[in-house]
1. Give, in nm to one decimal, the length gained when the segment between Leu147 and Ala72 is fully stretched (0.36 nm per residue of separation minus the Cα-Cα distance).
2. Just the Cα atoms of the chain, one point each, no solvent: what log10 I(q)/I(0) does Debye give at q = 0.12 Å⁻¹?
3. Any idea what the relative contact order of the chain is, in percent, if you count C-alpha pairs under 8 Å spaced at least 6 apart?
4. Quick check for me: using +1 on Lys/Arg Cβ and -1 on Asp/Glu Cβ, what's the dipole size of the chain about its Cα centre, in debye to the nearest 20?
5. Based on the mean of other beta carbon atoms within 10 Å per residue, what is the order of 141-150, 62-71, most packed first?
6. Would you kindly state how much longer the chain becomes between His108 and Asp86 on full extension, computed as 0.36 nm times their sequence separation minus their alpha carbon distance, in nm to one decimal?
7. Which distance in nm do the two modelled labels at Glu168 and Val24 give, with both placed 7 Å along the Cα-to-Cβ direction?
8. Along the positive direction of the dipole of the stretch 50-170 (beta-carbon charges: Lys, Arg +1; Asp, Glu -1; about the Cα centre), which of Leu112, Ala125, Met95 reaches farthest?
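Any read-out appearing in this document is the output of simple, stated calculations on the displayed coordinates, not a laboratory observation. It should be emphasised that the depicted structure is a prediction, and the values quoted were computed from it without experimental measurement. Using ideal geometry, Cβ is built from the backbone for each residue, glycine included, and neighbour counts are taken over all protein chains shown.
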Amino acid sequence: MTKLAKDQFTRTNVALRTFLILLVVAMAVLWFYAFFLAPSGNPDRMEDRSWPEAAQAHCQNALDEISHLPTARQAATPAQRAADLDEATLVVRRMVDTLGRISGGSDHDLSLVAHWLDDWEVYIADRLNHAERLRNEGDVKPLMTALASGAGSVLERMNGFARVNDMEACLDPGDM
């Protein structure tokens, strides 16, 4: 091997070693940050736990009220199902209005709740749209609004927030 080839091999070897050392150091810094400096927990988890407790109670009352209404299987026609769905949607509407009046929570919590209630508004519009389609088109499946990112539906995000905050009664009623 010539002196020029040996020098080039040495420079390449040094560059490769330097790159690998920097890579290992960068990974070590990343994991140090992840384990010791990064905030833990779910960013959608509310700090003030009294708000989800109050919401859970209101949502449970709405679920109890909806449980007394006829189910989809009990409806003789799509039009009857639409009427039943309209009645249940009124219960959901009152529930969302009540949730919007619950006080407490940090500024971050209130921001999270505002976005969650916005999702409920979209869900209510989807319910009303489904009832209208039942009346006009007959027996059709509900259409749920997709997220702008295409990564699921507003319903999934809405239910995810409820689950993260231990508000199982605040999941969608599942009556569509």
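1. Gain in length upon complete extension: 24.3 nm.
2. Values, matching the q order: -0.67.
3. 28 percent
4. The calculation lands at about 1340 debye.
5. The densest-packed peptide leads the list: 62-71, 141-150.
6. Length gained between His108 and Asp86: 4.6 nm.
7. It is 4.9 nm.
8. Result: Ala125.
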